[in-house]
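A.B. asks: Please read through the structure below; I'll follow up with questions.
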Amino acid sequence: MTTRREFIRNSAGAVAGMAFVGCDLLAARDAQAQAGARRREVVVSGRRVKTVDVHAHCAVPEAMALMGLKVEPQSLVMGQDRIRAMDEQGIDVEALSINPYWYKAERDLARALIRMQNEKLAELCASRPERFVAFATVALQYPDLAAEQLEEGVKKLGLRGGSIGANVAGEELSDPKFHPFWAKAEQLGCLIFMHPQGGNAGFEQRLRGNGGLGNVIGNPLDTTIALSHLIFEGTLDRFPGLKVCAAHGGGYLPSYAARSDAGCVTFPERCAKVPLKKRPTDYLRQLYYDSIVFTPEGLRHLAAEVGSGQIVMGTDYPFPWMKTSVDHILETPGLSDAERAAMLGETASRLLAIKP
């Protein structure tokens, strides 16, 4: 069996002649240098801060082809524009993730697909270790297999955690069937990045029509429901060492969290089936959240509810939700310089084992 050291050495040595999903990133670096592009360096209180984007999407066309799918949009394919955009925005490191599209695949196909994806992600990160880390993909519809894939991704391929959907083809992440995966994630001590699953949460019918409500409302709602189940079904009590990062600021939960506490006081019988060790809102401070909440007041409120040390920067690249994530953190009033530095990259660097 190839060891992690051998895999990384071989990948790095071969990358000069390898086109990763259609683009040689070494050529991208050279093209950028020739163009004289300037990389933005972020400074807080006179000190250079390494910035880390935990919410950056990509795709592996070869893996998608196994399910007869094509990449859309094409900007998910890694290319020259990716590093150029990072440099312009002041992003030093991206933690790459792939939104699950394979949760209905049968076991052998899911195994092959995930192996291909994770190896491609590892090859990319080995080629530019100063710019990219990645979350392992897992076939969570088969929790035992997902646990194996997470361990292989972290221990053999050098990936820094796992990425999952907020539901698995409509099944809640708190279902006991997923305990083997959560147990492995806790054992490994790695970060699990959770992203909503558009079109798979069960409430899409009411969100049809103008305004893109399936995304605008549906995605954060999916995350809100997932986190609430992890709390109220006792998953976070069963696995207290879990490190889970919720996309889009944790959805709506941090904005109306006190109702979770009030519900157990007003209707205690509704919270009695699975007795919790803490108040529902106390669990919010052991989870992590990206910074995609759009306004300074939104970020200030999120920090007040969950703690500034639980917030990491996200851009949602290549989707143009937040092109000013660095400035969003720098310009939010009421944060200390230490809090800004933590959100910009220090917390993520610790969680993802990124060297200073």
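The values are calculated or read from the model by the stated rules, or taken from the named source; none is laboratory data. Note that this is a predicted model, so its numbers are computed, not measured. Methodologically, a virtual Cβ is constructed for each residue, glycine included, from the backbone with ideal geometry; neighbour enumeration extends over all protein chains shown. Protein only, heavy atoms only, side chains kept; ligands, DNA and RNA dropped before computing areas. Shrake-Rupley method; radii C 1.70, N 1.55, O 1.52, S 1.80 Å.
A.B. asks: Would you confirm whether any residue within the stretch 148-161 is open to solvent by less than 30 Å² (accessible area, probe 1.4 Å), under 23 Å from GLU233 (Cα atoms) and either touching a helix residue (DSSP H, G or I) at 6+ places or on another chain (Cβ under 6 Å) or hydroxyl-bearing (Ser, Thr, Tyr) (or both)?
C.D. replies: no
A.B. asks: Is there a residue in the stretch 194-215 that is in contact with a Leu (Cβ under 7 Å, 6 or more places away or on another chain), buried (at least 22 other Cβ atoms within 10 Å of the Cβ) and under 25 Å from VAL133 (Cβ atoms)?
C.D. replies: No, the stretch 194-215 contains no residue that is in contact with a Leu (Cβ under 7 Å, 6 or more places away or on another chain), buried (at least 22 other Cβ atoms within 10 Å of the Cβ) and under 25 Å from VAL133 (Cβ atoms).
A.B. asks: Filter the stretch 57-90 down to residues that are hydrophobic (A, V, I, L, M, F, W, C) and in a helix (DSSP H, G or I) and give me whichever is surrounded by the most Cβ atoms within 10 Å (Cβ to Cβ).
C.D. replies: Out of the qualifying residues, it is ALA63.
A.B. asks: Looking at (1) under 24 Å from ALA353 (Cα atoms); (2) part of a helix (DSSP H, G or I), which is the only condition LYS50 fails?
C.D. replies: Of the numbered conditions (1) under 24 Å from ALA353 (Cα atoms); (2) part of a helix (DSSP H, G or I), the odd one out for LYS50 is (2).
A.B. asks: Within the set of pairs 6 or more residues apart or between chains, which connect a residue that is in contact (Cβ under 8 Å) with a residue 24 or more places away in the chain inside the stretch 120-139 to a residue that is open to solvent by 20 Å² or more (accessible area, probe 1.4 Å) and not hydrophobic (A, V, I, L, M, F, W, C) with Cβ atoms less than 8 Å apart?
C.D. replies: LYS120/GLU62; ARG128/ARG29; VAL133/ARG160; ALA134/ARG160; PHE135/ARG160; ALA136/GLU152; ALA139/ARG107; ALA139/ARG111
A.B. asks: Checking TYR289 against (1) within 30 Å of ASP81 (Cβ to Cβ); (2) in a helix (DSSP H, G or I); (3) not aliphatic (A, V, I, L, M), only one condition comes out false. Which one?
C.D. replies: Just one mismatch for TYR289, condition (2).
A.B. asks: Would you say ARG111 is more than 29 Å from VAL52 (Cβ to Cβ), of a type in the set (D, E, K, R) and at pLDDT below 95?
C.D. replies: no
A.B. asks: Tally time: how many residues in the stretch 250-294 are touching a residue at least 60 places away in the same chain (Cβ under 8 Å), open to solvent by less than 10 Å² (accessible area, probe 1.4 Å) and not charged (D, E, K, R)? I'd like the intermediate steps shown before the answer.
C.D. replies: Initial filter on the stretch 250-294 (touching a residue at least 60 places away in the same chain (Cβ under 8 Å)): 287-288, 290, 292.
Next cut, open to solvent by less than 10 Å² (accessible area, probe 1.4 Å) only: 287, 290, 292.
Still in the list and also not charged (D, E, K, R): 287, 292.
Selection size over the stretch 250-294: 2.
A.B. asks: Anything in the stretch 301-323 that is of a type outside the set (Phe, Trp, Tyr), open to solvent by 30 Å² or more (accessible area, probe 1.4 Å) and either farther than 17 Å from ALA247 by Cα or modelled with pLDDT under 95 (or both)? List them, or say none.
C.D. replies: Within the stretch 301-323, ALA304, PRO320, LYS323 meet the criteria.
A.B. asks: Identify, please: which residue in the stretch 231-249 is under 18 Å from ALA185 (Cβ atoms) and part of a helix (DSSP H, G or I) and is, among those, most open to solvent (accessible area, probe 1.4 Å)?
C.D. replies: ARG238
A.B. asks: Please specify each residue of the stretch 329-348 satisfying the condition of being open to solvent by less than 20 Å² (accessible area, probe 1.4 Å) and part of a helix (DSSP H, G or I).
C.D. replies: ILE329, ALA341, ALA342, MET343, LEU344, GLY345, THR347, ALA348
A.B. asks: Residues being small (Gly, Ala, Ser) and part of a loop (DSSP other than H, G, I, E, B): count how many of those fall in the stretch 295-313.
C.D. replies: Qualifying residue count, the stretch 295-313: 1.
A.B. asks: Mind checking which residues of the stretch 302-350 are without any contact (Cβ under 8 Å) to a residue 24 or more places away in the chain and in contact with a helix residue (DSSP H, G or I) (Cβ under 6 Å, 6 or more places away or on another chain)?
C.D. replies: Passing the criteria: only GLY307.
A.B. asks: Please report, ordered by residue number, the strands (runs of 3 or more DSSP E) entirely within the stretch 112-226 with at least 2 residues that are not hydrophobic (A, V, I, L, M, F, W, C). Break it down into steps so the answer makes sense when it comes.
C.D. replies: Values: elements: 132-134, 161-165, 191-195.
By residue number, 161-165.
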